[in-house]
Amino acid sequence: DAGVIQSPRHEVTEMGQEVTLRCKPISGHNSLFWYRQTMMRGLELLIYFNNNVPIDDSGMPEDRFSAKMPNASFSTLKIQPSEPRDSAVYFCASRFRGTDSGNTIYFGEGSWLTVV
Amino acid sequence: AQTVTQSQPEMSVQEAETVTLSCTYDTSESDYYLFWYKQPPSRQMILVIRQEAYKQQNATENRFSVNFQKAAKSFSLKISDSQLGDAAMYFCAYKRDDKIIFGKGTRLHILP
């Protein structure tokens, strides 16, 4: 079975540019999470969705960040405008909420963003 | 608020030996889940093992096992017969409801 698929794997962009990260969760999963990983702050939960609905976006650092999930198989995380301090690895993860096995979340390979 | 603490930023172990990574957490809940994730240099997050708090029996997955001490809020990971491929960052994580909280990680080096 295909895992969580993220794109792009790596992106280098200039400060001020818009960045869009994409995620396809595991088929059948109904919860999706966006995490950011940096050396200083470790793994931070930015936002998560249940059944395509944003539930908690308290981890989104500021208004420059936005996330959408238009359907069960696709989500985007957008940064506009990007800043050097946004450089990090961004992970998407998903799970099937509502069963015992759904207590485990599965991660994509991450999108490594560098803003210069 | 729940917190997860990994007190060992780095550890080293000789190949084929056993190593234990420590994790403590703080919660007032009685029903939750605990996980260990491995992150190799590729950066992918890989689930190693999970433990349900309501289960007294310690989880085991091949060479990986945990020592879950609920009263002490301790959840250590033991890796037996360490292999070069075990070199990675290891993250302890706590889950209650929808949120998973991660520790800062322990970088494990395997010495040949």
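The values are calculated or read from the model by the stated rules, or taken from the named source; none is laboratory data. Keep in mind the model is a prediction, meaning the values are calculated, not measured. Note that each Cβ is placed from the backbone with ideal geometry, even for glycine, and that neighbours are counted across all protein chains shown.
B:F35 fulfils the conditions (1) at pLDDT 90 or above; (2) out of contact with any Lys or Arg (no Cβ under 6 Å at 6 or more places or on another chain) except for a single criterion, (2).
Let's see how each residue does on (1) touching a residue at least 60 places away in the same chain (Cβ under 8 Å); (2) surrounded by 15 or more Cβ atoms within 10 Å (Cβ to Cβ); (3) assigned to a loop (DSSP other than H, G, I, E, B):
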| position | (1), (2), (3) |
| --- | --- |
| A:G16 | yes, no, yes |
| A:C23 | yes, yes, no |
| A:S27 | no, no, yes |
| A:W34 | no, yes, no |
| A:L45 | no, yes, no |
| A:S58 | no, no, yes |
| A:P61 | no, no, yes |
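Applying the condition of being of a type in the set (A, V, I, L, M, F, W, C), within 11 Å of the chain's Cα centre (by Cα) and away from chain A (no Cβ under 12 Å) to region B:60-104 and asking which residue is surrounded by the fewest Cβ atoms within 10 Å (Cβ to Cβ) yields B:F64. Checking the stated criteria, B:Y32 turns out not to satisfy the condition of being more than 20 Å from A:Y106 (Cα to Cα) and within 11 Å of chain A (Cβ to nearest Cβ).
Inspect region B:35-56 for any residue being surrounded by 16 or more Cβ atoms within 10 Å (Cβ to Cβ), within 14 Å of another protein chain (Cβ to nearest Cβ) and hydroxyl-bearing (S, T, Y) and give the result as yes or no. Yes, region B:35-56 contains a residue that is surrounded by 16 or more Cβ atoms within 10 Å (Cβ to Cβ), within 14 Å of another protein chain (Cβ to nearest Cβ) and hydroxyl-bearing (S, T, Y). When region A:41-55 is filtered for residues that are more than 13 Å from the chain's Cα centre (by Cα) and facing chain B (nearest Cβ under 10 Å), the ones remaining, listed by number, are A:R41, A:G42, A:N50, A:I55. Within region B:18-34, being surrounded by fewer than 13 Cβ atoms within 10 Å (Cβ to Cβ) and not hydroxyl-bearing (S, T, Y) holds for B:D26, B:E29, B:D31. Out of (1) under 18 Å from B:A93 (Cβ atoms); (2) surrounded by fewer than 18 Cβ atoms within 10 Å (Cβ to Cβ); (3) hydrophobic (A, V, I, L, M, F, W, C), the odd one out for A:W112 is which? That leaves (1) as the condition not met.
Just checking: which of the strands (runs of 3 or more DSSP E) contained wholly in region A:63-116 hold 2 or more residues that are in contact with a helix residue (DSSP H, G or I) (Cβ under 7 Å, 6 or more places away or on another chain)? Fully inside region A:63-116 and qualifying: A:111-115.
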